[in-house]
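Report on the structure given below.
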Amino acid sequence: MDERKIDESSWFERTAKLIRQKFKSQNTNFRDDLETEQEYKERWRSIYIIYFTMFLISLGFSIIVTGVWPYLDKLDPTAGKEFMGYIVAANPFGQMLFSPLVGWWSNRLGSIRLPLLVSLALFTLSSAIYSSLELFDDYRKHWMLWTRFLVGVSSANIAACRSYLSAATRVSERTSAVSMISLAQVLGFIVGPAIQAAVVPLGSDGFWLIPQKLRLNMYTASGWINVILSLFNMYLFLPHVFKEYKIAGREAMLKQGKDNERDTWKQHRPNYFATWTLIVAFFVIVFNFMLLETLGTPLTMDQFAWSKAASLKYMGILMSVGAVLAIITFASISPLCKKFSEVKVMIWGGFFFMVLGRAIYIPFNNDPPQMFDSDVKLNMTLICDRMLFNRTVGSYDLGVITSLNETIWSEKGDFSREATIRNLTFDCGEELVGCPSSQEWCSYTPAMTLTQFIIGYFLTAFGYPIGVTLIQTIFSKLLGPRPQGVWMGLMTGSGCLSRVMGPVFVTYIYEEFGTIWTFGLTTVMMISCLFWLLYFNSVLIPGEIECVPEGQELKEIHNMVSVPLNERVDED
């Protein structure tokens with residue numbers, strides 16, 4: 001028993017050491033005078049805080065994605081999937097509008113502390129309102145829309161985070177650091193649904209936080225988790241914890257022998273065709289990832305006849321496995337990039353797997369999915385809301401309520417009024433599962449198989465991390481040592497635009513035309529981008545910063561510094 005404990009302890013120690021080494025910069029040589037050992041430790045502590053911030057902002061978006069449809073349907077059964085698409089898109093729309101502004105603001109201040117603190121305060125407030133929507137008697141779906149928009153505005157700080165990371169890392173550290181920040185972001189996207197699945201045991205009713213007014217349930221718990229994590233994140237940005245160190249400009253000055261950073265920017269002019277190609281590629285890959293984030297829950301409910309709780313649970317499990325695969329994938333990026341060029345790994349390891357992931361989702365020769373009458377379900381839900389909660393969110397036949405009341409009072413047995421109502425209304429419509437009759441394509445389109453869905457998701461879990469990581473790495477290297485706040489704002493805005501258009505586009509196409517059109521069009525989009533990158537791959541390779549020959553300009557600079565002031569005056 002003791003030997004087993006010793007073995008487990010040594011295993012944990014080895015694992016912890018590997019994790020520390022992964023997060024730690026490989027550069028421990030301080031002879032270049034760019035930083036002291038203390039500055040090095042504080043610089044990397046600030047980078048760790050940026051990792052956590054990226055994780056939190058991504059989590060703030062994804063933690064509600066699988067739950068937003070059943071939560072919206074509970075608050076307002078008349079809202080529909082199309083409005084759900086607007087709610088999902090509201091977050092990236094706010095981020096898209098404000099990302100360049102926050103990037104410009106941080107560049108203007110020369111610091112990211114104030115923009116980050118302000119944005120996190122807004123994130124905390126809007127997440128709290130999202131979890132308190134039951135306090136509003138009317139316009140609940142519109143309040144939900146606004147809370148998600150404000151969360152998106154707060155997440156515009158991603159541009160500032162990416163800009164700071166580029167400025168706070170050496171060129172030799174850049175790939176690893178961008179890989180870790182992408183890992184943090186992707187884990188936020190993937191872990192969010194897993195956390196949502198973990199709170200499913202709270203159920204739809206949960207328990208009262210404020211009696212008869214505010215519940216903590218499987219939908220609202222996610223918002224309160226965001227609030228707690230955000231308050232902790234704000235503490236991390238206080239001056240005694242977070243200290244800003246920008247080393248990239250000083251490193252470029254040392255290599256080029258310049259005496260100010262602006263001259264190093266002029267020396268390195270980025271290839272604008274290459275940078276805009278990467279911005280478009282980022283749009284395409286995020287668009288296709290968002291397809292799964294947005295449609296995951298309603299798609300599985302339609303195709304596999306899962307209930308709301310079952311869909312949240314199984315999607316959470318699947319995405320948890322996807323998180324493990326993403327970690328393994330991120331660990332493979334650095335070794336792969338040592339054997340092959342970053343551009344080739346991005347194309348064949350990222351985009352090619354994403355193409356396969358989209359194509360496999362196109363259904364073939366199966367029977368159509370199980371269906372239910374959407375009008376009956378809507379009526380059962382509205383009647384249940386009226387009779388149990390005295391809440392009216394849509395029109396229904398009053399005669400049905402009268403008939404139900406007569407049935408309730410004539411029922412024999414020990415059933416309560418609520419139990420009888422739920423029994424007569426198919427548990428408020430919850431027992432009616434499958435593809436709704438309002439989606440006409442459900443009656444003739446082949447159903448997707450569970451095997452298809454799982455394989456496609458795992459292919460995405462491999463391809464997406466590689467693609468987004470190396471796009472951002474190559475993009476940062478193409479820009480060079482210049483301040484990247486505005487450019488990173490454009491990159492972030494591109495991802496936001498895809499997350500705005502993605503939910504609206506795919507929910508509309510999916511609801512109106514079905515799975516074949518949805519996944520067929522996205523497959524064509526991915527293939528087109530893949531061929532574009534293959535054709536122009538040579539221009540995407542970043543150029544190296546040219547070093548000044550040793551003993552030339554650097555020697556002259558050192559000599560100039562060492563000359564006494566009175567000797568200069570005599571020479572003049």
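I need the full set of residues from the stretch 190-220 which are in a helix (DSSP H, G or I) and open to solvent by 10 Å² or more (accessible area, probe 1.4 Å), in order please.
Taking the stretch 190-220 and keeping what is in a helix (DSSP H, G or I), we get 190-198, 200-202.
Scanning the stretch 190-220 gives 191, 194, 195, 197, 198, 200, 201, 202.
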Sole residue being of a type outside the set (Gly, Ala, Ser), out of contact with any strand residue (DSSP E or B) (no Cβ under 6 Å at 6 or more places or on another chain) and outside any loop (DSSP other than H, G, I, E, B), chosen from 124, 78: 124
Condition first: surrounded by fewer than 21 Cβ atoms within 10 Å (Cβ to Cβ), basic (Lys, Arg) and under 21 Å from the mean Cα position of the chain (by Cα). Can you find one or more residues in the stretch 305-319 that meet it? yes
Given 15, 53, which one is within 20 Å of residue 180 (Cβ to Cβ) and modelled with pLDDT under 60? 15
Among the residues of the stretch 53-73, is any without any contact (Cβ under 8 Å) to a residue 60 or more places away in the chain and either open to solvent by 20 Å² or more (accessible area, probe 1.4 Å) or not in a helix (DSSP H, G or I) (or both)? no
Quick one: count up the residues across the stretch 368-393 that are modelled with pLDDT of 85 or more and either among the acidic types (Asp, Glu) or at positive phi (or both). 0
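The values are calculated or read from the model by the stated rules, or taken from the named source; none is laboratory data. Values in this document were obtained by computation on a predicted structure and should not be read as measured data. Heads up, the Cβs are rebuilt from the backbone with ideal geometry, glycines too, and the neighbour counts pull from every protein chain shown. What goes into the accessible areas is simple: the full protein's heavy atoms, side chains included, and nothing from ligands, DNA or RNA. Shrake-Rupley method; radii C 1.70, N 1.55, O 1.52, S 1.80 Å.
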